[in-house]
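Worksheet: one structure, shown below.
The values are calculated or read from the model by the stated rules, or taken from the named source; none is laboratory data. Keep in mind that what you see is a predicted model, and the values were worked out from it rather than measured. Backbone-built Cβ (ideal geometry, glycine too); neighbour counts: all protein chains shown. Each accessible area value is taken on the protein alone, full model and side chains, heavy atoms only, with ligands, DNA and RNA left out. Shrake-Rupley method; radii C 1.70, N 1.55, O 1.52, S 1.80 Å.
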Amino acid sequence: MNVDFTNEELAFREEVREFFKHKFPAAVKDKQEKGTYLTKNDHIVWQKALYDQGWAGINWPVEHGGTGWSATQKYIFATEAAEAKSPRIIPFGLAMVAPVIYTYGSEEQKARFLPDILATNVWWCQGYSEPNAGSDLASVKTKAVRDGDSYVVSGTKTWTTLGQHADWIFCLVRTDDSGRKQQGISFLLIDMKTPGVSVTPIITIDGTHEVNEVHFDDVRVPANNLIGEEGKGWTYAKVLLTHERTGIARVAESKARLNSIKKMIDEAAARGEVLKSNAVFMARLLEIEVELKALEYTELRVLSSVSTGKAPGPESSILKIKGSEMIQMLDELVLEIAGIYALPFVPEQYTEGFDGESIGPLFAAKAAPTYYNDRKVSIYGGTNEIQKNIIAKQVLGL
Amino acid sequence: MKVLVAVKRVIDYNIKVRVKSDQSGVDLANVKMAMNPFCEIAVEEAVRLKEKGVADEVIVVSIGPKVAQEQIRTAMALGADRGILVETDEPLESLAIAKLLTKVVEVEQPGLVILGKQSIDADNNQTGQMLGALAGMSQGTFASEINVSENSVEVTREIDGGLQTLSLNLPAIITTDLRLNEPRYASLPNIMKAKRKPLDVKTPADFGVNVISGLKTLLVESPQERSAGVLVGSVSELVEKLKNEAKVI
Amino acid sequence: MDFSLNDIQQMMQDSAAKFIQNDYDFETRRGLSNSPAGYSEDNWKLFAELGWLALPIKEAYGGLDGDLVDTMVLQQEFGKGLLVEPYYATVLLGANLIQKQASDAQKLELLEPVVAGELKLALAHSEAQASFDVSQTKTRAEKQGDQYVLNGHKAVVLGAESADYLLVPARTSGVVGDAEGISLFLIDPKSAGVQLRGYATNDGLRAADIGLTEVTVPASSILGQADSAAPAIELVLNEAIVALGAEAVGIMEKLLAATSEYIKTRQQFDQPISRFQVLQHRLADMFMETEQAKSMVYFAAMEVAKGGSEASRVASMLKVKIGSAGRLVGQQAVQLHGGMGITDELDVGHFFKRLTCINNQLGTRDYHLQSLINKAAAG
């Protein structure tokens, strides 16, 4: 048992550090440091930098242009990326639809879609949830009716993250409602510019426009946009959900965040604030640090089994719950440090183009919106309650 | 005299076995594996024979995937002198195993071959018997006691409702029952020594044996869940229930 | 990076698991715990044969040179059996401290008999005001010619009654709170002035309070150099926290398995209570805490071994996690067993009691949290 990196892995870490030092787009880096919201273009510039380095397809197999990295390399990359405050890679294209396409798609589909996903030429979004299909995802009602060489799609998808930027959407649609509800679901790719597709913004409690409703009003979709077999969409989606367990806990980001929280506390102390002598706050901080260390090692355990060729052990099932709880606890710490300056709601301060003086410390301006926004992390990707159901059933056999 | 012991890698007997969701077999992902308990008894018996001075070498053989080396190492930690792994990832029938063991017997010429009476995973209870037939050796199955003398071995067998004692000419085959002995725990110094004991790796091809199976598993199902017991108030209630509910008397 | 156990660790784990399974069922353990000695001398001999007593001892003294991960593996299995033999007192505290503090000659003289199962030890480090921080030791030893005279009181010394020797830290210079000035004395418990008041602990082990009144010993009974024992004691106690953590994880695994099995068979409202989601989620919480605690033990087993100033911070982090995880898993195991959970008859309550006691050994969760806070505030 050891947690040491090999010499090759250490060399790889150097390579990643070099990348972030020299090739991380400066404008994006600056925004990340200030906490300024990124624009669509910022994301594209950042992801293209990765693409130019050959690192866009982190989980992809080499034959499709992926990195072919080991689990340990992925971990190293995630750690360094978090240290460098890089933006998250928007998952919908690179991490979510691509694996389904290269695993279940036809050769024609692979050739048609994968290169543009890899290069972030095309922006994808996810059409899974519906107003009445959340945790019970298999009850999707958006209909796709076969008509000659097309499917005619009608229905509503919701919580579509960054759908306002998207060129394409991958959807779970119902092609058959006769059997078990899991059975009649198909996996369909839809061009957002097709007549009948419309996007309605949903403004969240942090005041941002991140998620949307996407409506399909008799949208005619070519049948060759269907992935794999009709009626197998549920299986494909499930495989995708279990595709990558490590990374789901976002431990690297949380670690980097805890470090910056410690700096905030020191800065607060330098300003004469009394946080460090607040025993209740300090107890919370240290308990969180302990929990994060445990979580880091839980993730490393999963990583170690994956990289030695074994299936991830049962401990992998706790990553999503513990990881999302960690993000939310850290949000609350920042909120506490922000104190009274958590109150001003002045979004201009963290929107592109702002160059004035911030009201209170800059981190404080975004403390509350971040806290509000991150309530989503225990809800999306299968709520934490659903995750516990899964543990109870699959791990404990209840 | 050489003693050859065959051991099998199976799911640890403490593990609650789960059937794969497609019912094609048992879920082995991340499941703890161990030496078949009857095989462990066989190893213990061989090691005791060596300690008594009856045997001068204990050779342990396993047939299966590369990781079956773990069980051979365990046997060596319990006192076996050297190991042979016949490495194959094919699912194996008892007959293929018996054929391979026959070849190992031809090479090693042991005075005694000791096997577990059956493995707790497939419950076949036939490898020892098949080996007896193929190698042309006498067999004492379900042994609960053995005594080796110059040219023969006395085997007490557990049979329905009683015991039977046989005398077999050596070389002979013995399969172990539960009460033959209580295996020891591997001590740390012996575990460390086991790392340095020789372990040969062979393949079925080395012995010219075709292990491709003519048998296919169609369906594996879990046993029915045991329902909770009930506490009866009196003997007469028990009798009534046995008669009318369980219908066993 | 690799979290798997090596072959040797795996086989050792198998042996220990089998021992607990075959020879250490709950009723046997209860019998041993209630016996006059409180443990089995036969088991102790077996541990010697199996090499377990030699595990953390260096090869030069007849040991097997095991590291903290090896100790962790063994302790995790011991936890599942609620072991009552004084392994922790003799090997993990006593022998480990001797090999870190004593002179070469003393090590040769004392460690081989420990390995052979012929000598037992107890470390009398805790006092009423200091269960963990040895710099707070009030017991004093005054030098008088070639002798030292000890006075003081030692609290809840585990395994003291069965020990052939007591290892007694006492202040030989400086004042309470000083990091230096602690010497470690090897004392025969039958010496004049040693009053040993033995008792059972509520988790079924044996311990004693020890009064030291004008106990006069030769200067040669100091292990290693005078005034120098505090760092070694601190390191040994940090390593002991890892061992306690591993034991606690073994207990939590056992409770988790027992509880999920129980709720699958327990019928109420005409169905197994495992169908109730509130109980399923409770079990999931227990599972998560157990896994997080296990991760923390792995972390600590690898880090504490490196020693240095980080070791005590890491040990504190582990103790905090073990305290909170142990509390949740222990309490919920009892809760989900219903009335049966609080009966003496069922093993579940006894595992709960041991988890509770582990939290109170070597500094509670709150104590270590405070110590982490102090370090963070200073840093």
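The figures follow:
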read-out: Segment C:19-53 - residue that is in contact with an Asp or Glu (Cβ under 9 Å, 6 or more places away or on another chain) and within 12 Å of chain B (Cβ to nearest Cβ) and, of those, farthest from C:L83 (Cα to Cα); value: C:A48
read-out: Of all residues making up segment B:29-71, the number that are more than 16 Å from B:L112 (Cβ to Cβ) and more than 13 Å from the chain's Cα centre (by Cα); value: 12
read-out: Positions within segment C:104-135 being closer than 16 Å to C:G62 by Cα, of a type outside the set (A, V, I, L, M, F, W, C) and surrounded by fewer than 21 Cβ atoms within 10 Å (Cβ to Cβ), in sequence order; value: C:D104, C:Q106, C:E109, C:E112, C:P113, C:G117, C:E118
read-out: Any hit, segment A:293-313, residues being open to solvent by 10 Å² or more (accessible area, probe 1.4 Å), of a type in the set (K, R), out of contact with any Lys or Arg (no Cβ under 9 Å at 6 or more places or on another chain) and modelled with pLDDT of 95 or more; value: no
read-out: Unique residue being touching a residue at least 24 places away in the same chain (Cβ under 8 Å) and in contact with a helix residue (DSSP H, G or I) (Cβ under 7 Å, 6 or more places away or on another chain) when the list is C:I222, C:I182, C:I210; value: C:I182
read-out: Output for segment C:119-137, where each listed residue is free of Cβ contacts under 8 Å to residues at least 24 places away in the same chain and in a loop (DSSP other than H, G, I, E, B); value: C:Q129
read-out: Filtered residues of segment C:26-52 (kept if open to solvent by less than 10 Å² (accessible area, probe 1.4 Å) and either assigned to a loop (DSSP other than H, G, I, E, B) or of a type in the set (D, E) (or both)); value: C:G38, C:G51
read-out: Pair list, Cβ < 6 Å and 6+ apart or interchain, from segment A:343-361 residues that are over 17 Å from A:A27 (Cα atoms) to residues that are open to solvent by less than 60 Å² (accessible area, probe 1.4 Å) and in a helix (DSSP H, G or I); value: A:S358/A:Q349; A:S358/A:A365
read-out: Within segment A:227-321, helices (runs of 4 or more DSSP H) holding 3 or more residues that are within 11 Å of another protein chain (Cβ to nearest Cβ) and over 22 Å from A:S70 (Cα atoms); value: A:251-270, A:279-307
read-out: Output for segment C:286-302, where each listed residue is over 14 Å from A:V290 (Cα atoms) and either at pLDDT below 95 or facing chain A (nearest Cβ under 7 Å) (or both); value: C:F287, C:M288, C:M302
read-out: Subset of segment C:266-276 [more than 7 Å from chain A (Cβ to nearest Cβ) and part of a helix (DSSP H, G or I)]; value: C:I273, C:R275
read-out: Conditions (1) within 19 Å of the chain's Cα centre (by Cα); (2) open to solvent by less than 70 Å² (accessible area, probe 1.4 Å); (3) in contact (Cβ under 8 Å) with a residue 24 or more places away in the chain; number of the one not met by A:V3; value: (1)
read-out: Out of A:V153, A:V199, sole residue that is within 27 Å of A:T370 (Cα to Cα), touching a Ser or Thr at 6+ places or on another chain (Cβ under 9 Å) and surrounded by 14 or more Cβ atoms within 10 Å (Cβ to Cβ); value: A:V199
read-out: Residue satisfying condition, being in contact with a Ser or Thr (Cβ under 8 Å, 6 or more places away or on another chain) and either surrounded by fewer than 21 Cβ atoms within 10 Å (Cβ to Cβ) or within 14 Å of chain C (Cβ to nearest Cβ) (or both), within set B:E70, B:E51, B:E90, B:E57; value: B:E90
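Listed here are the residues, each with its yes/no results for (1) aliphatic (A, V, I, L, M); (2) in a helix (DSSP H, G or I); (3) open to solvent by 10 Å² or more (accessible area, probe 1.4 Å).
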residue: C:L235; (1), (2), (3): yes, yes, yes
residue: C:N238; (1), (2), (3): no, yes, no
residue: C:V249; (1), (2), (3): yes, yes, no
residue: C:L256; (1), (2), (3): yes, yes, yes
residue: C:K264; (1), (2), (3): no, yes, yes
residue: C:A284; (1), (2), (3): yes, yes, no
